[in-house]
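Please read the structure below before turning to the comments.
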Amino acid sequence: RKEVEQDPGPFNVPEGATVAFNCTYSNSASQSFFWYRQDCRKEPKLLMSVYSSGNEDGRFTAQLNRASQYISLLIRDSKLSDSATYLCVVNPRISSASKIIFGSGTRLSIRP
Amino acid sequence: EPEVTQTPSHQVTQMGQEVILRCVPISNHLYFYWYRQILGQKVEFLVSFYNNEISEKSEIFDDQFSVERPDGSNFTLKIRSTKLEDSAMYFCASRPGTGGSPLHFGNGTRLTVT
């Protein structure tokens with residue numbers, strides 16, 4: 001099983017649609033979780049951290065299910081500027097400089 | 001807002017040559033990382049660094065690779081004898097030592113080995 005697994009997509013949705021991405025991780029002891037977005041040939045940029053109780057930032061909602069080892073990202077009212085690759089990121093051990101693991105990413109394309 | 005800076009933005013080198021990629025992490029961060037991304041592929045962990053020593057490294061990070069923090073600000077990745085397959089984007093990242101803080105990335109160095 002991959003350490004962090006995502007559906008590669010691409011997701012191609014119309015502007016204004018709601019889209020959801022999922023991610024699973026293999027290490028049940030993992031401690032912190034993030035969603036990053038990456039534009040073509042650019043560095044990953046933090047979109048949001050994912051908290052146990054779920055959290056929202058504007059049109060973006062992240063959820064964590066520790067029992068199922070599953071993270072999700074929901075984008076509401078999608079904009080053309082949301083077109084990017086979304087990376088699920090897992091930190092197994094927050095108290096050290098251990099490997100932080102990236103999923104392969106899910107490509108999202110918003111059409112007018 | 002403080003940021004991670006990387007130089008150069010693009011490096012072209014011939015196979016077998018040594019390259020040094022440079023990074024200046026955010027000044028109060030304690031944990032430093034190098035990742036690479038081959039075009040069209042995923043972001044891959046290379047190495048992490050804390051307290052002037054390597055914390056963890058991947059199987060990619062073989063004897064051809066080394067990292068150094070030569071002074072209080074720079075963090076470098078050296079590839080001793082480059083191969084064609086080392087062509088990739090190399091990203092430096094840092095994070096504070098507090099809890100589950102996220103990684104902050106530099107803009108990357110595009111390495112092309114010919």
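The values are calculated or read from the model by the stated rules, or taken from the named source; none is laboratory data. Just so it is clear, the model here is predicted, and its values are computed rather than measured. Note that each Cβ is placed from the backbone with ideal geometry, even for glycine, and that neighbours are counted across all protein chains shown. Each accessible area value is taken on the protein alone, full model and side chains, heavy atoms only, with ligands, DNA and RNA left out. Shrake-Rupley method; radii C 1.70, N 1.55, O 1.52, S 1.80 Å.
Of everything in the range B:35-65, what is of a type in the set (Asp, Glu) and open to solvent by less than 80 Å² (accessible area, probe 1.4 Å)? Give them in sequence order.
Within the range B:35-65, B:Glu44, B:Glu56, B:Asp62 qualify.
Yes or no, residue by residue, for (1) under 24 Å from B:Gly40 (Cβ atoms); (2) buried (at least 20 other Cβ atoms within 10 Å of the Cβ):
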| site | (1), (2) |
| --- | --- |
| A:Pro8 | yes, no |
| A:Asn12 | yes, no |
| A:Thr18 | no, no |
| A:Glu56 | no, no |
| A:Gln63 | no, no |
| A:Gln69 | no, no |
| A:Ile75 | yes, yes |
| A:Ser96 | no, no |
| A:Ser109 | yes, no |
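Counting only residues that are touching a residue at least 60 places away in the same chain (Cβ under 8 Å) and away from chain B (no Cβ under 14 Å), which one in the range A:83-112 is farthest from A:Tyr51 (Cα to Cα)?
Among those that are touching a residue at least 60 places away in the same chain (Cβ under 8 Å) and away from chain B (no Cβ under 14 Å), it is A:Pro112.
Condition check: under 15 Å from B:Glu18 (Cβ atoms), touching a strand residue (DSSP E or B) at 6+ places or on another chain (Cβ under 8 Å) and open to solvent by 10 Å² or more (accessible area, probe 1.4 Å). Does B:Lys83 satisfy that?
Yes: the conditions hold for B:Lys83.
Which residues, counting only those in the range A:27-46, are in contact (Cβ under 8 Å) with a residue 40 or more places away in the chain, hydrophobic (A, V, I, L, M, F, W, C) and facing another protein chain (nearest Cβ under 7 Å)?
If the condition is that a residue be in contact (Cβ under 8 Å) with a residue 40 or more places away in the chain, hydrophobic (A, V, I, L, M, F, W, C) and facing another protein chain (nearest Cβ under 7 Å), then A:Phe34 is the only one that fits.
On the basis of being within 11 Å of chain B (Cβ to nearest Cβ), of a type in the set (Gly, Ala, Ser) and open to solvent by 70 Å² or more (accessible area, probe 1.4 Å), does A:Ser49 make the cut?
When the stated conditions are applied, A:Ser49 does not pass them.
Can you name the residue in the range B:86-100 that is open to solvent by 10 Å² or more (accessible area, probe 1.4 Å) and among the hydroxyl-bearing types (Ser, Thr, Tyr) and is also farthest from the other protein chains (Cβ to nearest Cβ) among such residues?
Taking the candidates together, the pick is B:Ser87.
Can you pull out every residue in the range B:1-29 that is buried (at least 16 other Cβ atoms within 10 Å of the Cβ) and under 14 Å from B:Pro102 (Cα atoms)?
Listed by number, the residues that qualify are B:Val4, B:Pro25, B:Ile26, B:His29.
In the set A:Leu64, A:Leu73, which member is within 14 Å of another protein chain (Cβ to nearest Cβ) and either in a strand (DSSP E or B) or within 12 Å of the chain's Cα centre (by Cα) (or both)?
A:Leu64
Which of the residues that make up the range B:86-102 are closer than 21 Å to B:Glu59 by Cα and either without any contact (Cβ under 8 Å) to a residue 24 or more places away in the chain or in a loop (DSSP other than H, G, I, E, B) (or both)?
Listed by number, the list holds a single entry, B:Ser87.
Residues checked against (1) more than 28 Å from A:Thr106 (Cβ to Cβ); (2) of a type in the set (A, V, I, L, M); (3) at pLDDT 95 or above:
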site	(1), (2), (3)
B:Val12	yes, yes, yes
B:Gln17	yes, no, yes
B:Pro25	yes, no, yes
B:Ile38	no, yes, yes
B:Val43	no, yes, yes
B:Ser48	no, no, yes
B:Asn51	yes, no, no
B:Lys57	no, no, yes
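Among strands (runs of 3 or more DSSP E) lying entirely in the range B:1-84, which contain 2 or more residues that are closer than 26 Å to A:Tyr36 by Cβ, within 14 Å of chain A (Cβ to nearest Cβ) and touching a Lys or Arg at 6+ places or on another chain (Cβ under 6 Å)? Walk me through it before giving the result.
Details: elements: B:5-7, B:10-13, B:19-24, B:31-37, B:44-50, B:53-57, B:65-68, B:75-79.
Fully inside the range B:1-84 and qualifying: B:44-50.
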